[in-house]
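Please read the structure below before turning to the comments.
The values are calculated or read from the model by the stated rules, or taken from the named source; none is laboratory data. Since we're looking at a predicted model, the values are computed, not measured. Ideal geometry is used to build each Cβ from the backbone, glycine not excepted, and the neighbour counts take in all protein chains shown.
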Ligand code: SF4
Ligand code: SF4
């Protein structure tokens with residue numbers, strides 16, 4: 001191992017080996033032509049939805065603010081094409097959430113909003129305010145407003161920034177392409193966050209199935225003046241290595257207690273594409289109006305990495321990738337392990353979506369469900385040491401105190417248990433049901 005690379009501090013228990021299927025890894029991101037219409041839901045992030053600040057008939061330009069809120073946990077939304085607001089109405093997103101949606105008819109000009117200019121940043125507060133103005137949410141799929149994550153108290157003992165470039169879900173390669181194609185943006189973003197917020201240490205965590213990305217990042221890290229403070233850490237390729245709690249443990253040896261956040265053990269985890277975006281935003285002032293996605297799966301004709309305006313219909317993207325090569329068995333936004341299955345492709349891409357998987361027969365093996373054989377593989381695979389079969393029993397019995405004591409609410413629905421079950425039992429569904437039982441009890 002090169003001296004600049006550091007080893008994981010602690011081995012993470014559980015997890016599963018999944019086929020990587022990184023078929024698009026050698027494909028740089030292809031910018032697709034903008035569609036005729038974009039659909040921009042006001043609810044694209046974790047937290048309070050935005051309210052439209054435009055009305056039907058308004059002319060808007062790319063990057064113009066179209067939705068905002070005075071609630072703290074929220075990220076503003078900007079027009080992703082120039083044109084006319086043709087409607088504002090309640091529509092369902094791909095995952096079934098009903099959200100007020102601003103619909104813009106593209107005038108084909110992609111005219112940039114006149115007010116776009118690099119933000120003035122001299123202080124920590126101005127930096128956090130600029131991140132809010134950019135509309136950035138976690139680009140790795142979580143969708144949590146980034147300004148909230150970064151707005152910790154200076155005396156909170158937070159010393160380590162972990163850049164998540166693990167990309168442990170099969171198929172998805174857009175973070176890999178960010179590392180390979182835009183490595184200087186990644187480093188500029190890291191330096192901005194590190195210097196503005198006073199992190200003492202930065203760890204760039206990459207799974208070891210991406211040697212090219214590790215090589216490029218490490219080469220840049222080595223040239224930096226602060227080379228002792230920014231290190232590249234190859235992690236064993238194992239799902240869900242990219243989950244925040246797993247990553248904090250591997251990278252620092254600090255264990256995030258149940259119900260707590262990485263910040264509670266002195267860490268902030270940020271997706272690698274989010275870091276690169278911050279660098280671009282600070283240089284140009286252009287907010288988050290487009291995003292990169294991996295389009296893959298055996299049922300799409302031309303798998304590739306694409307960049308599209310936020311709010312582009314999923315069906316439009318699939319058609320631009322050659323359409324369907326066979327009847328899809330399942331279409332998913334995100335990865336096959338934690339992504340959401342969708343039923344209607346005439347729904348828009350959101351800021352947090354990093355993939356569209358058009359899965360065919362070749363991609364999906366359906367195990368016949370049989371009785372539990374008590375092999376214990378589900379418990380062994382769980383990175384959080386949960387016991388899904390016991391939790392299922394408690395849920396059926398509505399034994400609330402036992403469900404709480406078993407750590408039910410900690411489950412991150414990663415699917416490692418179900419993946420490893422030889423009896424094909426829908427364990428993630430059981431865990432979701434168990435959480436619903438506890439929520440129901442809490443709401444009484
Ligand atoms: S889905 Fe929940 S119970 Fe299953 S492995 Fe993941 S965290 Fe553990
Ligand atoms: S892995 Fe499946 S068969 Fe084995 S104990 Fe768990 S639920 Fe039962």
message: Any residue that is within 16 Å of ligand 1 (Cβ to nearest atom), more than 28 Å from residue 37 (Cβ to Cβ), buried (at least 21 other Cβ atoms within 10 Å of the Cβ) and at pLDDT below 95 - is there at least one of those in segment 365-375?
response: no
task: Take segment 281-300 and flag every residue that is over 18 Å from the mean Cα position of the chain (by Cα) and in a loop (DSSP other than H, G, I, E, B).
output: 285, 286, 297, 298, 299
message: Just the residues that are at pLDDT below 95 and either in a strand (DSSP E or B) or more than 17 Å from residue 295 (Cβ to Cβ) (or both), please, taken from segment 21-48.
response: 43, 44, 45, 46, 47, 48
task: Sort out for me the helices (runs of 4 or more DSSP H) sitting completely within segment 386-428 that have 2 or more residues that are more than 11 Å from ligand 2 (Cβ to nearest atom) and either under 26 Å from residue 261 (Cβ atoms) or touching a helix residue (DSSP H, G or I) at 6+ places or on another chain (Cβ under 8 Å) (or both).
output: 388-396, 400-405
- line: Being over 30 Å from residue 62 (Cα atoms), at pLDDT 90 or above, within 26 Å of the chain's Cα centre (by Cα) and not assigned by TED's automatic domain parsing to the domain that holds residue 294 narrows 402, 381, 406 down to just 381
- request: Please indicate, with yes or no, whether at least one residue in segment 162-172 is farther than 27 Å from residue 358 by Cα, in contact with a strand residue (DSSP E or B) (Cβ under 9 Å, 6 or more places away or on another chain) and crowded, with 16+ Cβ neighbours inside 10 Å.
  value: yes
- prompt: Applying the selection to segment 98-113, what residues are exposed (fewer than 15 other Cβ atoms within 10 Å of the Cβ) and at pLDDT below 95?
  reply: 98
message: Go through segment 383-411 and report how many residues are farther than 15 Å from residue 432 by Cα and surrounded by 20 or more Cβ atoms within 10 Å (Cβ to Cβ).
response: 1
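For segment 358-385, what are the residues that are near ligand 2 (Cβ under 9 Å from one of its atoms), touching a residue at least 40 places away in the same chain (Cβ under 8 Å) and in a loop (DSSP other than H, G, I, E, B)?
Within segment 358-385, 370, 371, 372, 373, 375 meet the criteria.
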